[in-house]
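Chemist: Once you've had a glance at the structure underneath, I'll fire off some questions.
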Amino acid sequence: MNDSFDLAESSPNTQSYGAKISASSYWSELNKDQRKAVETVDGPVLVLAGAGTGKTRVLTTRLAHILDSGLAHPGETLTVTFTNKAAREMKDRVERLVRRPMEGWYLGTFHSIAARVLRKHAELVGLKSNFTILDTDDQLRLLKQGLEAHDIDEKRWPARSLGAIINRWKDRGLAPDQVTDTEGSDFANGRTLELYHDYQERLRSLNAADFGDLLMHNLTLFSNDKGVLREYQDRFRFILVDEYQDTNVSQYLWLRLLAQGHRNICCVGDDDQSIYAWRGAEVGNILRFEKDFPGAQVIRLERNYRSTSHILGAASDLIAHNRDRLGKTLWTESNEGEKVTVHGLWDGEAEARVIGEHIETERSDGQALNDIAVLVRAGHQTRPFEERFIQIGLPYRVIGVMRFYERLEIRDAIAYLRVISQEDDDLAFERIINRPKRGIGVTSLQKLHVVSRANGCSLMAAARDLTDSDELRGATRTGLANLISHFDRWRNLSAVQALPSLIQTILDDSGYLEMWRKDRSIQAPGRLENLNELIGALDEFETLDSFLEHISLVMDNAETEDGDMVNVMTLHGAKGLEFDSVYLPGWEEGLFPHQRALDEGGLHALEEERRLAYVGLTRARQRATVSYAANRNLFGKWSSELPSRFVSELPEEHVTRTSEINTTADLTEPDLDYQNIHRPDIGRRRSNWGRYAIRQRNRTYETIAVENHAPGTFQIGKRIFHQKFGYGKITDIDGNKLEVSFEKAGLKKVMGSYVEPA
């Protein structure tokens, strides 16, 4: 790209600006609304493009139309996307449409274009034009140096957490002097702002910028030098923005400043697909477009070219429950297709089994596995599907997240179990010898290796010898001796204790769980969820050796991702993709919508969770299957689960509901075997899901009876108690469905059969 593009030489004259639109072939490929979005080039335009409505086609055709018509030269257009891949694809498509290569245009990601502007004017913000852009690892290293310089314990206040705080400030366009004293006060005893100041000074001294700086420095540049701002406002006759619903505050401010010139800004996006608030996206940016740009035209693309009418109907009715949206209704000319299937299942293992069976049936009917996806809300949900697919020989790939048993915290936990099973397992012992920290550093580990080689023994045996000598002293000797003592005790427990209880004891005694509870990084809660899932998974195995053998088989599974395979990924990772068949498991309260998101974000988070459900449904071309489980094994204990409120929000006319749970049987039947109540083949026939919570404690099951209340028993304002959510007051009643404001859990929808008067 040519940064020295001459505005005077490139400005089109009056004749070229009003040039006749060429009779290009691309017009025939557009429907009426798409063509309107392409042709409306004067003034601000918001294109609300629903899922599968041809958003990319509209954006590329609009840019091609502007260039092909002589409305502007390439260097007078600004087109921003969120990924380099999207930018490359758009560039290729536009050049094919206009049948010639384009030079000097500004088409790329927010960061790449901001970097281009910044290099030209770097001196105005205290940098040189050859500044270095730090990657995540370099940024983390610099933050660690800052913590060390301020004598702040990095174990207690991780550099990664500090980086997340600073990045959030930069996403909001806040330089150190714009951050209030109260923000970040819970990190490093209120010294976060001081660390931010020093970090920025360190970056300047290194002539460097991180990714957040690129846009933030642009905002500083435009605010402090009106001449530079006018240069770019005059340059960009037309601004086009992709995925506008995903912009953060910094990107929004940057675009709004540049658009004040010619005001020909076209933003394409879908407020119903704004699902990235956790990384700074603000759905409010698209919701207030008409306020930001008075006189703006809003064009809705509602004809869907992807999904059947039943899928669209279900998704549209679901998302209509959101309040913060501009509103649109998707439709299609394709056939109705199959209704969305909603399955109620006994537990997570039954869910994986049923989905596996359905996929096998589809495969035998000729459906390509590459066109099938299992979309989960949280990464830990992949485990039962990976296990099941391996068991039945169904090829799969996990996209966007690591396979369950490859994750760091799972490998660590398994390493503890490997040493218990075989204390001569040096690789496993070395992995966890100082995790969590026990004062056993590199020097001490080298001594262990020396003794191990000299005596021809394992590292564990060498550790026993060293702790009985004076070779190790102080905290190192104490830490190693305590670890050996723990392993001896755990090994004895393994002979008498069930595996879930054993791993729970290990993770507690070792301090491993506490290490992640204290970790303030954004990954820590997910790691705890994964450990939770592992504890539940161990309930399926009678012995430690059988579990470790199973792990060996799982890890030996083919690593290749080539060929015909089922796609397993998170809902966030699936945005922008489409498949013939989509399976959406885990639609339960607390899991989806996710409880942590609700606790942190309240109503706004709930609406984003619903948008995530909408995204999941609209990934499906032909078939969509939603499922939920009555019971989940959490930390080795069975707990009853409520179906997600999203399940009840799916419209009956577009949904087929089935359930493996018998809601009329009575658990008080005298012949019921409580020891086997968790088994799908027994419990499924006998459970009264609306009246009982089944919990497992070390393989002993207790049944907690909850009285069934007749309609009319409850009154708005009455105080009640719920086994899972605690005390609360009823705010609304719909038959036996209650809306309750809980004292700690917030507003929930629950069944009346789950509560009792307080």
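Chemist: Could you list, in sequence order, the residues of segment 411-425 that are farther than 15 Å from Tyr512 by Cβ and buried (at least 20 other Cβ atoms within 10 Å of the Cβ)?
Modeler: Within segment 411-425, Glu423 is the sole residue that qualifies.
Chemist: With the checklist (1) under 32 Å from the mean Cα position of the chain (by Cα); (2) assigned to a helix (DSSP H, G or I); (3) at pLDDT 90 or above; (4) among the small types (Gly, Ala, Ser) in hand, flag the one item Ala64 doesn't pass.
Modeler: (1)
Chemist: Here's another thing I want to ask about it. Only one of these is acidic (Asp, Glu) and on the phi > 0 side of the Ramachandran plot: Glu194, Glu243, Glu231. Name it.
Modeler: Every option except Glu243 fails the conditions.
Chemist: Further question: Restricting attention to segment 272-286, which residues are farther than 25 Å from Ser223 by Cβ and either assigned to a helix (DSSP H, G or I) or in contact with a strand residue (DSSP E or B) (Cβ under 6 Å, 6 or more places away or on another chain) (or both)?
Modeler: Asp272, Gln273, Ala277, Trp278 - these are the residues of segment 272-286 that are farther than 25 Å from Ser223 by Cβ and either assigned to a helix (DSSP H, G or I) or in contact with a strand residue (DSSP E or B) (Cβ under 6 Å, 6 or more places away or on another chain) (or both).
Chemist: Being farther than 30 Å from His121 by Cβ, among the basic types (Lys, Arg) and in a loop (DSSP other than H, G, I, E, B): is that true of Arg156 here?
Modeler: Criteria met by Arg156.
Chemist: Determine which single condition Ser129 fails, assuming it passes every other condition in (1) of a type in the set (Gly, Ala, Ser); (2) outside any helix (DSSP H, G or I); (3) under 28 Å from Trp278 (Cα atoms).
Modeler: Of the numbered conditions (1) of a type in the set (Gly, Ala, Ser); (2) outside any helix (DSSP H, G or I); (3) under 28 Å from Trp278 (Cα atoms), the odd one out for Ser129 is (3).
Chemist: Report whether or not Arg621 is modelled with pLDDT of 95 or more, charged (D, E, K, R), part of a strand (DSSP E or B) and more than 15 Å from the chain's Cα centre (by Cα).
Modeler: In short, yes.
Chemist: Considering Leu162, Leu147, Leu118, Leu78, which residue is part of a strand (DSSP E or B), aliphatic (A, V, I, L, M) and open to solvent by less than 30 Å² (accessible area, probe 1.4 Å)?
Modeler: Leu78
Chemist: Look at segment 304-325 and say how many of its residues are within 24 Å of the chain's Cα centre (by Cα) and part of a loop (DSSP other than H, G, I, E, B).
Modeler: Number satisfying all stated conditions: 8.
Chemist: A further question on this structure: For Arg172, which of the numbered conditions (1) touching a residue at least 60 places away in the same chain (Cβ under 8 Å); (2) under 26 Å from Glu282 (Cα atoms); (3) open to solvent by less than 10 Å² (accessible area, probe 1.4 Å); (4) not hydroxyl-bearing (Ser, Thr, Tyr) fails to hold?
Modeler: (3)
Chemist: Can I ask one more? Considering only segment 355-370, how many residues are at pLDDT below 95 and aliphatic (A, V, I, L, M)?
Modeler: Final tally of qualifying residues: 0.
Chemist: Also, I was wondering about something else. Under 6 Å between Cβ atoms, at least 6 apart or on separate chains: pull out the pairs that start in segment 418-435 with a residue that is farther than 16 Å from Leu502 by Cα and of a type in the set (Gly, Ala, Ser) and end on any residue that is open to solvent by 70 Å² or more (accessible area, probe 1.4 Å) and modelled with pLDDT of 90 or more.
Modeler: Listed pairs, sorted by first residue: Ala428/Arg418.
Chemist: Taking Tyr305 as meeting all but one of (1) open to solvent by 40 Å² or more (accessible area, probe 1.4 Å); (2) in contact with a helix residue (DSSP H, G or I) (Cβ under 6 Å, 6 or more places away or on another chain), write down the number of the exception.
Modeler: Single failed check for Tyr305: (2).
Chemist: Given the condition outside any helix (DSSP H, G or I) and aliphatic (A, V, I, L, M), answer yes or no: does some residue in segment 87-96 qualify?
Modeler: So far as segment 87-96 goes, no, none of its residues is outside any helix (DSSP H, G or I) and aliphatic (A, V, I, L, M).
Chemist: Does segment 7-26 contain any residue that is part of a helix (DSSP H, G or I), more than 29 Å from Lys291 (Cα to Cα), modelled with pLDDT of 70 or more and of a type outside the set (Ser, Thr, Tyr)?
Modeler: no
Chemist: Identify, please: which residue in segment 707-758 is of a type in the set (Val, Ile, Thr) and either assigned to a strand (DSSP E or B) or crowded, with 16+ Cβ neighbours inside 10 Å (or both) and is, among those, modelled with the lowest pLDDT?
Modeler: Val750
Chemist: Next question. Can you find, within segment 588-608, the residue that is surrounded by the fewest Cβ atoms within 10 Å (Cβ to Cβ) among those that are in contact with a strand residue (DSSP E or B) (Cβ under 8 Å, 6 or more places away or on another chain) and within 20 Å of Met751 (Cβ to Cβ)?
Modeler: Leu598
Chemist: Looking at segment 371-388, is at least one residue at pLDDT below 90 and among the polar types (S, T, N, Q)?
Modeler: Within segment 371-388, none of the residues are at pLDDT below 90 and among the polar types (S, T, N, Q).
Chemist: Could you grab me the full set of residues in segment 580-607 that are modelled with pLDDT of 90 or more and among the acidic types (Asp, Glu)?
Modeler: Asp580, Glu588, Glu589, Glu607, listed by residue number.
Chemist: Criterion first (crowded, with 20+ Cβ neighbours inside 10 Å and of a type in the set (A, V, I, L, M, F, W, C)) does Ala495 satisfy it?
Modeler: no
Chemist: Just the residues that are small (Gly, Ala, Ser), touching a helix residue (DSSP H, G or I) at 6+ places or on another chain (Cβ under 9 Å) and either open to solvent by 80 Å² or more (accessible area, probe 1.4 Å) or not in a loop (DSSP other than H, G, I, E, B) (or both), please, taken from segment 182-193.
Modeler: Scanning segment 182-193 gives a single hit, Ala188.
Chemist: Checking Ala524 against (1) surrounded by 15 or more Cβ atoms within 10 Å (Cβ to Cβ); (2) within 21 Å of Ala428 (Cα to Cα); (3) out of contact with any Gly (no Cβ under 8 Å at 6 or more places or on another chain), only one condition comes out false. Which one?
Modeler: Here Ala524 clears every test but (2).
Chemist: Do you know which residues across segment 83-103 are under 29 Å from Leu330 (Cβ atoms) and out of contact with any strand residue (DSSP E or B) (no Cβ under 6 Å at 6 or more places or on another chain)?
Modeler: If the condition is that a residue be under 29 Å from Leu330 (Cβ atoms) and out of contact with any strand residue (DSSP E or B) (no Cβ under 6 Å at 6 or more places or on another chain), then Thr83, Lys85, Ala86, Arg88, Glu89, Met90, Asp92, Arg93, Val94, Arg96, Leu97 are the ones that fit.
Chemist: Okay, moving on. Of all residues being open to solvent by 30 Å² or more (accessible area, probe 1.4 Å) and in contact (Cβ under 8 Å) with a residue 60 or more places away in the chain in segment 498-521, which is nearest to Ile535 (Cα to Cα)? Just the residue, please.
Modeler: Here the answer is Gln504.
Chemist: I've got another one for you. Pick from Gly313, Gly337, Gly348, Gly344: which is buried (at least 16 other Cβ atoms within 10 Å of the Cβ) and within 22 Å of Met402 (Cβ to Cβ)?
Modeler: The conditions single out Gly348.
Chemist: Among the residues of segment 388-404, write down those that are in a helix (DSSP H, G or I) and crowded, with 19+ Cβ neighbours inside 10 Å.
Modeler: Of everything in segment 388-404, those that are in a helix (DSSP H, G or I) and crowded, with 19+ Cβ neighbours inside 10 Å turn out to be Arg388, Phe389, Phe404.
Chemist: What helices (runs of 4 or more DSSP H) completely inside segment 194-271 contain at least 2 residues that are under 30 Å from Gly50 (Cβ atoms)?
Modeler: Fully inside segment 194-271 and qualifying: 249-258.
Chemist: For Gly586, state whether it is touching an Asp or Glu at 6+ places or on another chain (Cβ under 8 Å), farther than 21 Å from Val283 by Cα and not in a strand (DSSP E or B).
Modeler: When the stated conditions are applied, Gly586 passes them.
The values are calculated or read from the model by the stated rules, or taken from the named source; none is laboratory data. It should be emphasised that the depicted structure is a prediction, and the values quoted were computed from it without experimental measurement. Virtual Cβ from ideal backbone geometry, glycine too; neighbours counted across all protein chains shown. Heavy atoms of the whole protein, side chains included, go into the accessibility calculation; ligands, DNA and RNA do not. Shrake-Rupley method; radii C 1.70, N 1.55, O 1.52, S 1.80 Å.
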